[in-house]
Amino acid sequence: MATITVQRPRLAWHERIFLSSFIKGMKITLAHAWKTFKTLRGSKTEVTMQYPEQTWDEHLPEYYRGAPALVTDEHGRERCVSCQLCEFICPPKAIKILPGEIPSDDPWAKVEKRPKEFDIDMIRCIYCGMCEEVCPEQAIFLRKDYVINGLTRQEMVHDKAKLYEIGGVREGLVNKWNELK
């Protein structure tokens, strides 16, 4: 087998110190900056929002995905059936569900289970919306809230009671309580 020797091209002095590459990069950067400057100069909108004084509430787009919360139906019953699909599909594994059985003397015992514990770690949550999409009972919704804060890590783990408190009531057909099912 023959050995092939490849000759490196001779670089000029400005190529050896990367001067030409630097100038090309600066040319592209300044062109983008100039285009942005011309766009902003013509409009009267501010680029930076002064956060506590100005809020984003009136400017939220329709497709905005905020923090997840659990909802109840119009009769105050839990929609969640502890199918754990949201826990399995969550990319950062922020959702933890411990299923519990419904007692047989309960009028809604046909459902068989409900969450005994339902925790969402808001520090780990990436607000992707996959939990909302996969839920067959429409028990979990992403609310239009972007201000989620706490002083400790334990405050950022929302338990079942907190999730129902911030989630509220959602009306509509719930398969869990459908008598024909």
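Of all residues in the stretch 53-73, count the ones that are more than 11 Å from ARG143 (Cβ to Cβ), surrounded by fewer than 16 Cβ atoms within 10 Å (Cβ to Cβ) and not hydrophobic (A, V, I, L, M, F, W, C). So the count comes out to 9. Note on the stretch 76-86: among residues that are without any contact (Cβ under 8 Å) to a residue 60 or more places away in the chain and touching a strand residue (DSSP E or B) at 6+ places or on another chain (Cβ under 9 Å), the one that is nearest to ILE120 (Cα to Cα) is CYS86. Candidates ILE148, ILE166: the one that is of a type outside the set (Phe, Trp, Tyr), within 27 Å of GLU58 (Cα to Cα) and not in a loop (DSSP other than H, G, I, E, B) is ILE166.
No other residue among ILE89, ILE95, ILE23 is without any contact (Cβ under 8 Å) to a residue 60 or more places away in the chain, touching a Cys at 6+ places or on another chain (Cβ under 6 Å) and not polar (S, T, N, Q) apart from ILE95. Tallying residues that are under 18 Å from THR72 (Cβ atoms) and touching a Pro at 6+ places or on another chain (Cβ under 9 Å) within the stretch 118-138 yields 3. Identification of helices (runs of 4 or more DSSP H) wholly contained in the stretch 1-113 with 2 or more residues that are on the phi < 0 side of the Ramachandran plot and over 31 Å from the mean Cα position of the chain (by Cα) yields 13-16, 19-42. The set of residues from the stretch 161-176 being over 12 Å from VAL71 (Cβ atoms) and either modelled with pLDDT of 85 or more or surrounded by fewer than 16 Cβ atoms within 10 Å (Cβ to Cβ) (or both) comprises ALA161, LYS162, LEU173, ASN175.
The values are calculated or read from the model by the stated rules, or taken from the named source; none is laboratory data. If you're wondering where the values come from, they're calculated on a predicted model, not measured in any experiment. Note: ideal-geometry Cβ built from the backbone for every residue, glycine included; neighbour counts use all protein chains shown.
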